[in-house]
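Novice: Sending over a structure as structure tokens; questions will come in a sec.
What follows draws every value from the coordinates through simple rules; no lab data is involved. Predicted model only: the values in this text are computed from it and were never measured. Neighbour counts run over all protein chains shown; Cβ positions are idealised from the backbone, glycine included.
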Amino acid sequence: MAAAELRAAGLIVFRRKRFTGPFEYLLLQTSYGRHHWTPPKGHVDPGESDIQTALRETEEESGLKESSLNVVKDVRKTLNYEVRGKPKIVIYWLAELRDYNTPIRLSHEHQEYRWVSVDSACRLLHDTTGQALREVDEELKNIAKFYTETY
Ligand SMILES: Nc1ncnc2c1ncn2[C@@H]1O[C@H](COP(=O)(O)OP(=O)(O)OP(=O)(O)OP(=O)(O)OC[C@H]2O[C@@H](n3cnc4c(N)ncnc43)[C@H](O)[C@@H]2O)[C@@H](O)[C@H]1O
């Protein structure tokens, strides 16, 4: 029988100091295991939709509530990898932090957070997560370029 699939969802949270400034991404480092880094995310509970999980886990793990974010529901990245022999799927939406200075409040699950550039993020993340972040960063840069050239 095939191993049951693990399912998780989260948010790729970014912020910018100025309209034309560089994008900074929020990464969290686990306080368990090998202390790996990911954006905020977690397991989808029974009866929950993926986006509900993404919002709940982001608030639990970083203290950021939906009201402090602009969630871009049409930009979505799906990752597939294996954890201890079981297939895992992780779905991330993109979300902008409204107020650059909003503080981060970690839970016991994480020991450190960083706001980092896409290049620094890719040095901390697993390859496929880094690749998803690069794609998101390209999309954001294209949107920013369009607005800078148009207005
Ligand atoms: N080793 C451990 N010791 C003690 N408690 C533990 C534990 N692992 C989990 N827990 C418990 O599980 C809870 C986490 O639950 P949740 O917070 O609900 O779920 P999660 O983010 O999906 O968990 P996890 O950190 O395991 O997932 P990830 O896929 O990033 O990571 C799972 C594995 O996949 C790897 N991984 C992450 N992203 C990857 C990618 N893109 N490609 C390949 N591998 C990747 C990670 O390095 C890691 O090895 C914690 O509260 C903790 O209590």
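Novice: Given labels modelled 7 Å from the Cα in the Cβ direction, how far is it in nm from Arg105 to Thr150?
Specialist: The two pseudo-label positions are separated by 3.8 nm.
Novice: DSSP loop (so not H, G, I, E, B), at most 14 other Cβ within 10 Å: list which chymotrypsin sites (Phe, Trp or Tyr not before Pro) in the range 25-134 pass both filters. If you can, show how the numbers build up before the last one.
Specialist: Values: sites: Tyr25, Tyr32, Trp37, Tyr81, Tyr92, Trp93, Tyr100, Tyr113, Trp115; in loops: Tyr32, Tyr100.
For chymotrypsin sites (Phe, Trp or Tyr not before Pro) across the range 25-134 that sit outside H, G, I, E and B with at most 14 neighbouring Cβ atoms in 10 Å, the list reads Tyr32, Tyr100.
Novice: Right, next: Taking every pair of Cα atoms in the chain, average 1/r, invert it to obtain the Kirkwood radius, and report Rg/Rh to two decimals.
Specialist: 0.97
Novice: Tell me, what is the Rg over Rh of the range 63-151, with Rh the Kirkwood radius over Cα pairs?
Specialist: Details: Rg = 15.2 Å, Rh = 15.3 Å.
Radius of gyration relative to Kirkwood radius: 0.99.
Novice: Compute the distribution of all C-alpha to C-alpha distances in the range 16-89, in bins of 5 Å from 0, and list the percent of pairs in each, rounded to whole numbers.
Specialist: Taking every Cα pair in the range 16-89, the percentages come to 3, 11, 17, 27, 21, 12, 6, 2, 1.
Novice: Using helices alone, I'd like the mean residue ellipticity at 222 nm for the chain: each DSSP H run of four-plus residues gives -39500 (n - 2.57), total over residue count, nearest 500.
Specialist: Calculated from helices alone, the mean residue ellipticity at 222 nm is -9500 deg cm²/dmol.
Novice: Same structure, new question: On full extension of the chain, what length is gained from Glu138 through Glu112, given 0.36 nm per residue of separation minus the C-alpha to C-alpha distance? Intermediate results must be reported in sequence, preceding the final value.
Specialist: On the way: separation 26, 0.36 × 26 = 9.36 nm, distance 2.63 nm.
Going from the current span to full extension adds 6.7 nm.
Novice: Restricting to DSSP loop positions (anything but H, G, I, E, B) with no more than 13 other Cβ atoms inside 10 Å of their own Cβ, which trypsin sites (Lys or Arg not before Pro) remain in the range 10-107?
Specialist: Lys17, Arg18, Arg34, Lys65, Arg84, Arg98, Arg105
Novice: Separate question: Straight-line reach from Lys86: which lysines have Cα under 24 Å away, leaving out those fewer than 8 places along the same chain?
Specialist: Within reach: Lys41, Lys77.
Novice: For the pair Asn70 and Thr128, what calculated FRET efficiency results from E = 1/(1 + (r/R0)^6), where r is the Cβ-Cβ distance and R0 = 30 Å, to the nearest 0.05?
Specialist: 0.75
Novice: Right, next: Hey, what angle do you get for helix 127-150 against the long axis of the chain, alpha-carbon based, 0 to 90 degrees rounded to 10?
Specialist: Computed tilt is about 20 degrees.
Novice: What does DSSP give for the chain in terms of the percent of beta bridges that are antiparallel, rounded to the nearest 5?
Specialist: Rounded to the nearest five, the antiparallel share is 75 percent.
Novice: Just want the ordering: His35, His108, from fewest to most Cβ atoms lying within 10 Å of their own Cβ.
Specialist: Arranged by neighbour count, lowest to highest, His35, His108 become His108, His35.
Novice: Next question, about the same structure. Quick one: putting +1 on the C-beta of Lys and Arg, -1 on the C-beta of Asp and Glu, what dipole do you get for the range 1-117 around its Cα centre, in Debye to the nearest 20?
Specialist: Using only the charged Cβ atoms, the result is roughly 380 debye.
Novice: Bins of 5 Å, beginning at zero and ending with the bin holding the largest distance: percent of Cα pairs per bin for the range 72-121, please.
Specialist: Percent of pairs per bin, in order: 4, 12, 13, 20, 29, 15, 5, 2, 0.
Novice: Counting other beta carbons within 10 Å of each residue's own, what order do Ser67, Ser107 fall into, fewest first? Kindly include the intermediate steps, with their values, before the conclusion.
Specialist: Working: Ser67 7, Ser107 14.
Fewest-to-most ranking of Ser67, Ser107: Ser67, Ser107.
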